[in-house]
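Structure record follows, encoded as structure tokens.
Derivation of every value follows stated rules applied to the coordinates shown; laboratory data play no part. Because the structure is a prediction, the values reported are computed rather than measured. So basically every Cβ, Gly included, is an ideal-geometry build from the backbone, and we count neighbours across all protein chains shown.
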Amino acid sequence: MPATSFLVRPARDDDRLPLAELFAAVAEERDGIATEPPVDIDARAASWELEWMFVATAVDEVIGMAHLDPSHFGYCHIALAVAREWRGRGVGTALFETAIPSARDRGFHKLCLSVFAHNAAAIGLYRKLGFVEEGRRVKQFRRQSGELWDSVEMGLLL
């Protein structure tokens, strides 16, 4: 069983590889994020814009991340990934409770996200945090299996 406590902080340069490894592990599950394996870990590690990322760590291991993707129109997209064994333990909530004020402090008026329609746990988390459903994109994502998945679009006015 993993440790019970964790810390949320801004991402640092030495988080790049652990962040990419976490991302690849979540992609391997094939049901929570749009990316599917294989993930080029080195390329992914090099691509992070750390200024817009927050990490959750437990015993110096990266267990979750929230990433803001700013637009020029006053809103940010936000994305979340949490290690499977840490889900349901407050990590996603803590990451969002750090990222939301950061976006507000940077002058954004809204956060937006997309979530697979079948991901009830994530949708429940986002609703708990004040996000509301703004629409649905039908058969938006073609999966490697050939399936077409819907996404729910959600937003939070800051």
The chain: calculated mean residue ellipticity at 222 nm from DSSP helix runs of at least 4, using -39500 (n - 2.57): -8500 deg cm²/dmol
Net charge dipole size for the range 7-157 [Lys, Arg +1 and Asp, Glu -1 on Cβ; Debye, nearest 20]: 600
Against the rule of thumb 2.2 N^0.38 Å, how large the Cα Rg of the chain comes out: 1.00
Dipole axis of the chain (+1 Lys, Arg; -1 Asp, Glu on Cβ), positive-most option in Leu95, Trp48, Ala20: Leu95
Chymotrypsin sites (Phe, Trp or Tyr not before Pro) restricted to the range 40-84 and DSSP loop, no more than 10 other C-beta within 10 Å: Phe73
Global geometry of the range 14-54, whether rounded, prolate or oblate, following the gyration tensor of its Cα atoms and the 1.5 cut on a/c: prolate
Shape call, the range 65-158: gyration tensor on alpha carbons, a/c limit 1.5: oblate
